[in-house]
Amino acid sequence: MRVPDKHGKREARETNLVSVFFFFLLITLCSSIIFYSVSPALAAENKERLSIVLIDGEEIYIRSGNSHTFLQDYLLHVKGTDTEGKRIWIELSRKGVPLQHTIVTEGSQFSYSNNSTEVLNLTVYRIYEGADGVLVRFSPVYQYLDPRLPTPQTPAESFANASDNTSPDQSELETQAESFDIPLFLLGLGTVLLVTGFFAGKGKKK
């Protein structure tokens with residue numbers, strides 16, 4: 001009767017465990033490579049969805065009965081005021097089509113969104129009374145690009161000069177980050193681990 005080789009079974013079991021470990025390690029590395037390859041594309045897509053600022057915190061003055069034209073043909077009209085000059089009626093329109101109107105006072109905030117995308121946001125900073133009506137100071141005023149409308153022919157200076165605000169240190173860091181290939185690094189690391197595991201398994205068999 002042949003005695004079972006317990007030592008040989010133990011080595012075979014250890015070899016199988018090592019093989020299973022490195023198999024799952026390879027799967028993990030491949031998943032990481034795919035993730036890091038897809039991430040830049042997703043980040044670029046999300047970046048394109050970020051709001052583009054056309055007017056960044058500026059101030060405007062509008063007299064009662066007059067209006068102010070924003071980029072992309074949006075128009076804010078101060079239609080009237082109450083007898084005390086404390087409450088004013090404003091209306092936002094585009095190409096003659098009324099979009100939104102409300103009654104505001106000093107400190108009130110007025111905002112307009114188009115399909116959940118904020119387009120205009122402004123605050124009634126001060127209302128000045130005069131003999132010929134009121135003068136309304138809006139500050140700060142923010143306008144964001146409406147992606148559903150044509151891009152303005154003459155963007156705001158802040159938008160045109162946005163690319164000039166990048167510091168040299170930031171550019172250098174971005175260059176270094178771009179030159180570091182994470183998928184290639186993970187692939188190389190996986191290869192080294194697999195080769196190490198292969199020779200380790202052969203050593204145990206001997």
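The table that follows gives values for the structure above.
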item: Residues of the stretch 71-130 satisfying the condition of being in contact with an Asp or Glu (Cβ under 7 Å, 6 or more places away or on another chain) and of a type in the set (A, V, I, L, M); result: 119, 124, 127
item: Residue ID - nearest to the chain's Cα centre (by Cα), chosen from residues in the stretch 72-88 that are not in a strand (DSSP E or B) and not small (Gly, Ala, Ser); result: 72
item: Members of the stretch 103-124 found to be surrounded by 12 or more Cβ atoms within 10 Å (Cβ to Cβ) and more than 16 Å from residue 68 (Cα to Cα), listed by number; result: 103, 104, 106, 108, 113, 114, 117, 118
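Quick note: the coordinates plus some simple rules give every number you see, no bench work behind them. None of these values were measured; they are calculated from a predicted model. Neighbour counts are summed over all protein chains in view; Cβ atoms, including those assigned to glycine, are modelled from backbone coordinates with ideal geometry.
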